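To start, the structure itself, in structure tokens.
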Amino acid sequence: MRRSLKLFGWIALALLGATAFGVLALHRGESVSAAWLLTAAVCSYLIGYRFYARFIESRVLRPDARLTPARVHDDGLDYVPTQRFVLFGHHFAAIAGAGPLIGPVLASQMGYLPGTLWILLGVVFAGAVQDYLILFFSTRRDARSLGDMIRDEMGNAAGTIALVGVLAIMIILLAVLALVVVKALAGSPWGLFTVAATLPIALLMGVFLRWIRPGRVGEASAIGAVLLLAALVFGGRIAADPGWASVFTLAPTTLAWILIGYGFVASILPVWLLLAPRDYLSSFLKIGTILGLAIGIAITLPDLRMPAVTRFVDGSGPVFAGTLFPFLFITIACGAVSGFHALIGSGTTPKMIEDERQARMIGYGAMLMESFVAIMALITACVLDPAVYFAMNAPAALIGTTAQSAAEAIRGWGFTVTPETLTQMAAAVGEPTILSRAGGAPTLAVGMAQIISSIFGGAGMAFWYHFAILFEALFILSTLDAGSRVGRFMIQDLLGLAHPSLRRTTSWPANLLATALCVAGWGWFLYAGVVDPLGGINTLWPLFGIANQMLAAIALIFATVVLFRMKHERYAWIAIVPTSWLLVCTLTAGAEKLFHSDPKIGFLAHAHKYSEALARGELLAPAKNLAQMRQVLVNDWVNASLCALLIAVVVAMVCFGIASIRRARAGNAASVRETAPVYADMSVEVAHAG
Amino acid sequence: MRADTRMGKAAAQLVRVARALFGLPDYDAHVAHCREHHPERPPPTRAEFHREREAARYARGRSRCC
């Protein structure tokens with residue numbers, strides 16, 4: 001009786017989900033409620049978790065009661081058996097970042113439906129599977145990192161090549177996130193003031209935590225939060241005063257240099273002074289943003305005003321160029337599939353998991369939750385008037401710099417709007433203009449402001465907008481400085497292969513050199529993105545997406561190899577199917593970014609256009625002189641080289657993977673390289689014997 | 001809230017989950033571990049523990065997600 005009741009419940013849930021999908025896909029005419037999107041998402045996650053994840057657990061991975069690394073080592077510091085809900089929180093916090101908030105916003109240019117389908121199908125069959133498999137395999141290998149595991153299962157060469165790929169991805173990620181911050185704060189005195197104020201606030205918190213009340217992070221963060229709110233309110237006054245407003249109104253290039261300098265300084269100062277307090281504060285803000293979004297959407301259940309599918313699936317979109325296939329799947333990474341999670345899943349979490357039967361909930365489950373954050377970001381972008389969305393995300397090259405020219409251009413795309421609507425929206429959020437505020441963060445902020453202020457009858461939009469900008473900018477900046485440190489260690493590891501002395505973290509020259517290289521790396525791409533007439537996000541975000549998905553493909557290739565070694569060949573499809581899809585998408589996108597004849601898409605075509613103009617002595621925007629023309633060419637070649645490097649890395653990994661799979665299939669027995677299982681009763685027996 | 005009641009336990013659990021969400025290390029759990037495994041040594045002070053955990057958070061091998 002109970003069984004059939006449960007079955008009935010699941011069938012009802014499946015029907016509900018199918019209905020929701022149907023409404024979303026087939027709706028014509030007036031706007032559809034976000035409630036349907038939420039329903040479709042929750043139903044997909046529940047069904048995916050209960051059936052697909054459990055299938056993987058029981059048939060393929062088959063976890064048992066063996067002692068996990070947390071129990072074996074149990075050092076009270078890094079190896080701590082942690083209760084599963086607490087560990088879920090830890091893992092979710094580790095994987096959730098700015099990614100799920102940006103990608104879906106950018107992908108909304110194609111309508112809400114393509115993004116939704118990719119997020120929901122991608123996470124259930126690819127993203128959450130990757131997270132689960134990597135977490136599980138790492139737990140069975142003494143919580144070793146992805147790089148180490150690849151080295152072990154696929155050879156040293158594969159391991160090193162994977163590390164090169166990871167470093168390249170890290171550099172682009174930092175450049176792109178820095179660019180998002182620049183886009184959000186350029187020409188925004190209120191925003192810049194509040195974000196700048198976080199520096200002295202963080203220093204204060206650092207000193208407080210070091211000497212006044214050591215270890216009381218909650219208290220320090222409370223003080224920081226209060227000061228932040230004060231800065232937020234005060235920022236409005238600053239923006240209203242013409243004199244002070246001009247001090248805090250900076251050009252994008254100036255901001256780029258400031259960020260580069262900040263990244264360098266913050267990652268070499270002692271961590272307790274700036275990095276750690278900012279990180280604590282931004283962790284609170286990150287969770288706060290997610291909760292704010294969730295509560296706002298849950299209470300208001302707004303209508304989606306973006307159509308289900310827009311005309312920009314044909315590749316002519318202003319936000320990013322390229323057709324739905326492959327570029328939709330590149331634009332949304334975190335929330336569907338993210339290779340970065342494979343690094344996190346083989347980081348601290350496997351050292352804390354107390355039972356490998358909890359890996360499904362933690363690995364698969366936390367990724368589902370992040371996917372839900374991505375869905376909420378998609379909703380937030382789609383509740384905006386589509387004309388406002390495009391005004392914010394289209395570059396000046398396409399819509400001009402006045403509300404008049406923007407309204408005209410957007411009307412040409414089929415979205416009616418008056419210039420007054422655009423200027424009124426800017427005034428409502430307390431910004432001089434909303435035009436071309438690309439990068440996803442301002443769009444999300446406007447959407448959040450609209451949703452939350454509608455609870456209060458439309459009041460306080462400017463406050464909520466800057467609140468959202470501050471939150472996002474803060475936790476993006478924390479990724480920037482902490483990420484520069486991570487990049488520096490990676491560079492030291494790679495340089496150490498040539499010069500062992502450079503590996504030492506205690507050596508100041510090595511430290512400074514590696515940090516400089518890392519910051520110069522992302523700084524280069526940041527600056528190029530800032531001066532790009534198409535806005536930079538247009539160019540950089542696809543590169544980041546390609547890189548991230550390639551890392552996911554590498555992680556899934558590794559997982560496939562392990563499945564073959566375990567002699568689970570008949571179930572290897574659970575990894576092979578997502579891997580193949582990712583390879584098809586990223587290699588197509590990479591090839592298009594290199595060789596496409598449209599200069600808006602292909603780097604080489606773009607370089608060709610500019611070199612022809614240069615040969616004729618002509619100047620094309622943004623170049624104002626011949627030297628800048630040459631700079632544009634250099635940027636194109638660097639972007640193309642990076643793209644080619646990523647393609648080469650992933651093709652090499654495919655070859656290594658196939659070789660490892662063939663070796664695994666050649667043997668009759670399983671050839672897994674897991675640590676020998678230890679069971680609780682075994683150790684009791686050993687204790688008795690000894 | 002009394003620690004031995006169901007509400008008390010639930011509240012304590014919620015606090016631990018929240019700490020993990022915000023990335024804060026659990027000093028009480030560490031002290032309990034020290035008392036169990038190294039009873040001869042005094043457990044580290046709150047300041048020492050947080051200093052060590054903070055340094056570990058940004059040490060080599062730790063990654064950062066997007």
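For chain A, with all protein chains present and a 1.4 Å probe, just round the carbon and sulfur fraction of the accessible area to a whole percent.
Within chain A, the accessible surface is 67 percent carbon and sulfur.
For A:Lys351, list the aspartates and glutamates whose Cα falls under 16 Å from its own Cα; do not include residues on the same chain fewer than 8 positions away.
In chain and number order, the partners are A:Asp74, A:Asp75, A:Asp78, A:Asp131, A:Asp142, A:Asp148, A:Glu674, B:Asp26.
FRET efficiency for A:Leu16 and B:Gln13, Cβ-Cβ distance as r, R0 = 22 Å, nearest 0.05?
Once the sixth-power term is evaluated, E becomes 0.10.
Could you compute how much accessible area chains B and A hide from each other, both sides summed, with a 1.4 Å probe? Nearest 100 Å² is fine.
Buried area (both sides, nearest 100 Å²): 3500 Å².
Could you work out how much longer the chain between A:Trp244 and A:Ala670 gets when fully extended? Use 0.36 nm per residue separation minus the Cα distance between them, nm to one decimal.
146.4 nm
Taking the Cα centre of the stretch A:199-284 as the origin, how large is its charge dipole in debye, to the nearest 20, when only Lys and Arg (+1) and Asp and Glu (-1) carry charge on their Cβ atoms?
180
So how long is each side of the stretch A:387-440 along the principal axes, counting just the alpha-carbon atoms, biggest first, in Å?
Over the stretch A:387-440, Cα extents along the principal axes are 28, 22, 16 Å.
Would you pull out the residues with amide H under 5 Å of A:Val32's amide H, same chain only if 5 or more places away, H placed 1.01 Å from N?
Amide H neighbours of A:Val32, under 5 Å, 5+ apart: A:Leu304.
Sticking to Cα atoms, compute the Rg of the stretch A:415-558 to one decimal and its Dmax as the biggest Cα-Cα distance, whole number, in Å.
Cα radius of gyration and Dmax of the stretch A:415-558 are 20.7, 63 Å respectively.
Which value results when the Cα radius of gyration for the stretch A:492-630 is divided by 2.2 N^0.38 Å?
1.46
Could you state the orientation-averaged shadow area of the convex hull built on the Cα atoms of the stretch A:290-381, in nm² to one decimal?
Spelled out: convex hull of the Cα atoms, projected over all directions, averaged, 8.0 nm².
With a cap of 12 neighbouring Cβ atoms within 10 Å, and only residues DSSP puts in a loop, list the trypsin sites (Lys or Arg not before Pro) found in the stretch A:585-622.
Passing both the DSSP loop test and the Cβ count: A:Arg616.
With a 1.4 Å probe and all protein chains left in place, how much accessible area per residue does chain B have, in Å²?
Per residue, chain B has an accessible area of 63 Å².
Putting +1 on Lys and Arg Cβ atoms and -1 on Asp and Glu Cβ atoms, find which of A:Thr505, A:Val319, A:Pro114 reaches farthest to the positive end of the dipole of the protein assembly as shown.
A:Thr505
Largest first and to the nearest Å, give the Cα extent of the stretch A:197-241 along each principal axis.
Principal extents (largest minus smallest coordinate, Cα): 39, 15, 10 Å.
Rounded to two decimals, what ratio of Rg to Rh does the protein assembly as shown give with C-alpha atoms and a Kirkwood Rh?
Answer for the protein assembly as shown: 0.96.
Let me know the charge dipole size of the stretch A:321-471 about its Cα centre in debye, to the nearest 20, where only the beta-carbon of Lys, Arg (+1) and Asp, Glu (-1) is charged.
In debye, rounded to 20, the stretch A:321-471 gives about 120.
Evaluate peptide A:76-89: per residue, the Cβ atoms of other protein chains within 10 Å of its Cβ; return the mean as an integer.
Partner Cβ neighbours, averaged per residue: 5.
Nearest 0.05, what FRET efficiency do A:Ile258 and A:Ala294 give at R0 = 25 Å with Cβ-Cβ as r?
My answer for the efficiency is 0.15.
At 0.36 nm per residue, and after removing the present C-alpha to C-alpha distance, how many nm does the segment from A:Phe595 to A:Arg311 gain when stretched out fully?
99.8 nm
Report, ordered by chain and residue number, the lysines lying within cross-link reach of A:Lys593, taken as a straight Cα distance under 29 Å and ignoring same-chain residues fewer than 8 apart.
Qualifying lysines at Cα under 29 Å: A:Lys183, A:Lys609, A:Lys624.
For the stretch A:484-589, run through the trypsin sites (Lys or Arg not before Pro) and keep only the ones in DSSP coil with at most 14 other Cβ atoms within 10 Å of their Cβ.
Filter output for the stretch A:484-589: A:Arg504.
Can you list the residues in the stretch A:180-216 whose accessible area drops by at least 30 Å² when all protein chains are present, compared with the chain alone? Use a 1.4 Å probe, heavy atoms only.
In the stretch A:180-216, residues shielded by partner chains: A:Arg210, A:Pro214, A:Gly215, A:Arg216.
To the nearest 10 degrees, how steeply does helix A:252-268 sit against the main Cα axis of chain A, on a 0 to 90 scale?
Result, in degrees: 30.
With axes computed from alpha carbons, what is the tilt in degrees of helix A:419-429 against the longest principal axis of chain A, rounded to the nearest 10 within 0 to 90?
Here the helix axis deviates by roughly 60 degrees.
Rounded to whole Å, give me the distance from the Cα center of the stretch A:285-331 to that of the stretch A:22-85.
22
How big is D, in µm² s⁻¹, for the stretch A:196-321 by Stokes-Einstein at 20 °C and 1.002 mPa s if Rh is the Kirkwood radius over C-alpha pairs?
118
About the Cα centre of the protein assembly as shown, how large is the charge dipole given +1 on each Lys and Arg Cβ and -1 on each Asp and Glu Cβ? Please answer in debye to the nearest 20.
For this selection, approximately 1180 debye.
What does the accessible area per residue of chain A come to in Å², with a 1.4 Å probe and no ligands, DNA or RNA counted?
With all protein chains present, chain A gives 37 Å² per residue.
A:Asn156 to A:Leu619: FRET efficiency via 1/(1 + (r/R0)^6), r the Cβ-Cβ distance, R0 56 Å, to the nearest 0.05?
Efficiency computed from Cβ-Cβ geometry: 0.70.
Taking only the alpha carbons of the stretch A:1-85, what extent do you get along each of the three principal axes, in Å, biggest first?
61, 36, 22
Using DSSP H assignments, which helices in chain B have an axial alpha-carbon span of 18 Å or above and a mean Kyte-Doolittle hydropathy of -1.0 or higher?
B:6-21
The values are calculated or read from the model by the stated rules, or taken from the named source; none is laboratory data. These figures come from a predicted structure and were not determined experimentally. In this analysis, Cβ positions are derived from the backbone assuming ideal geometry, glycine residues included, and neighbour counts consider all displayed protein chains. Remember, those area values only see protein heavy atoms, side chains included, never the ligands or the DNA or RNA. Shrake-Rupley method; radii C 1.70, N 1.55, O 1.52, S 1.80 Å.
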